[in-house]
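Below: one structure, written as structure tokens.
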Amino acid sequence: MSEELFEGEFYTLTDEEGNESQFELIGTCELNGNTYMALIPVDDGDEYVILKKEADADGEEILVTIDDDEEFDRVADIFEDELFSEIDYDEDGDLIEE
């Protein structure tokens, strides 16, 4: 399993209704031969999404949602550990700057 953190990689994603949104890549991980990406919306950066890389019928890479709850939970745990393990908060919930 490998993890990477990225800065400044942006993706335009189109939802099922044809709406486009900008996302910034905050991390990737590989698990069981699959690549997963954590992306945060540029306009509303409160929560990140996790998508899985797959190939479409033409062999083009696409990002898809993870339908399997168990798979999603495993991948979400990896991202939680990697992305937020270095962030420290005091007892009031305030970020501790180093």
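Some notes on this structure:
- Candidates are the residues of the range 16-40 that are of a type in the set (D, E, K, R) and either assigned to a strand (DSSP E or B) or surrounded by 10 or more Cβ atoms within 10 Å (Cβ to Cβ) (or both); the one that is nearest to the chain's Cα centre (by Cα) is GLU24.
- Selection status of GLU30, charged (D, E, K, R), modelled with pLDDT of 90 or more and within 18 Å of THR12 (Cβ to Cβ): no
- Hey, THR28 among the β-branched types (Val, Ile, Thr), out of contact with any Cys (no Cβ under 6 Å at 6 or more places or on another chain) and closer than 21 Å to GLU82 by Cα or not: yes
- Inside the range 41-64, residues that are closer than 15 Å to GLU80 by Cβ and assigned to a loop (DSSP other than H, G, I, E, B) make up a count of 2.
- Among residues of the range 41-84, those that are surrounded by fewer than 10 Cβ atoms within 10 Å (Cβ to Cβ), charged (D, E, K, R) and touching a strand residue (DSSP E or B) at 6+ places or on another chain (Cβ under 8 Å), counted: 4
- Tally, over the range 41-68, of residues that are farther than 16 Å from GLN22 by Cα, aliphatic (A, V, I, L, M) and touching a Phe, Trp or Tyr at 6+ places or on another chain (Cβ under 7 Å): 1
- Residue pairs meeting the criteria (Cβ under 7 Å; at least 6 apart or on separate chains; first touching a residue at least 24 places away in the same chain (Cβ under 8 Å) and among the hydroxyl-bearing types (Ser, Thr, Tyr), in the range 25-48; second surrounded by 11 or more Cβ atoms within 10 Å (Cβ to Cβ) and outside any strand (DSSP E or B)): TYR36/VAL75
The values are calculated or read from the model by the stated rules, or taken from the named source; none is laboratory data. Keep in mind the model is a prediction, meaning the values are calculated, not measured. Positions of Cβ are generated from backbone atoms using ideal geometry, with glycine treated the same way; all protein chains shown enter the neighbour counts.
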